Amino acid sequence: MFSRILCAALPGLALLLMPVGEAAAHCFVGARFLPATLTTDDPCVADEMSLPTTLWSSANPLARENDVEVDFSKRITENFGITVASTWTFVRPPADAATFGTSASGFMNLVSAFQYQVLKDPQHEFAWLAGLVVEWGGTGAMGVGAAP
């Protein structure tokens, strides 16, 4: 009994003992704050996590799709960062004709983004970010439409 309580309490205790630092999420350039929105990301390399982003789509009248996405961004240096994103999808009817059943669910392909902060000019409140987005084919379920 005691060992079960201890095992349940260890993750919380480890979280409390972790060192705390200053967070640097989103983008401040001079006096301007450039926030991330649902349609555009901020133009700065940052440490951030989105838990979860959901989408219910019915663009096709014959199909329904529900997506739940999680992404994690981490600065490696002041000007370089990596983002990893994963999306779980439920589709009715399945996107792949070879999938049996009336619906399919599973993960889409894993997506990575490599970002480099080219310029941050506080005087002109201007930020420029260059990036490369990679979708790792074959890492997702064919039944939900993940590309091989």
Q) Which condition does Thr54 not pass, out of (1) outside any strand (DSSP E or B); (2) of a type in the set (S, T, N, Q); (3) at pLDDT 75 or above, if it passes all the others? A) (1)
Q. Do any residues in region 126-148 that are closer than 21 Å to Phe100 by Cβ have Cβ atoms under 9 Å from those of residues that are hydroxyl-bearing (Ser, Thr, Tyr) and at pLDDT 95 or above, where the two are at least six apart or on different chains, and which pairs are they?
A. none
(Q) Let me spell it out: the conditions are (1) touching a Phe, Trp or Tyr at 6+ places or on another chain (Cβ under 9 Å); (2) modelled with pLDDT of 90 or more; (3) part of a strand (DSSP E or B), and Asn66 meets all of them except one. Which number is the exception? (A) (2)
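The values are calculated or read from the model by the stated rules, or taken from the named source; none is laboratory data. All of these numbers come straight from a predicted model, not from anything done at the bench. No Cβ is skipped: glycine too gets one built from the backbone with ideal geometry, and neighbour counts run over all protein chains shown.
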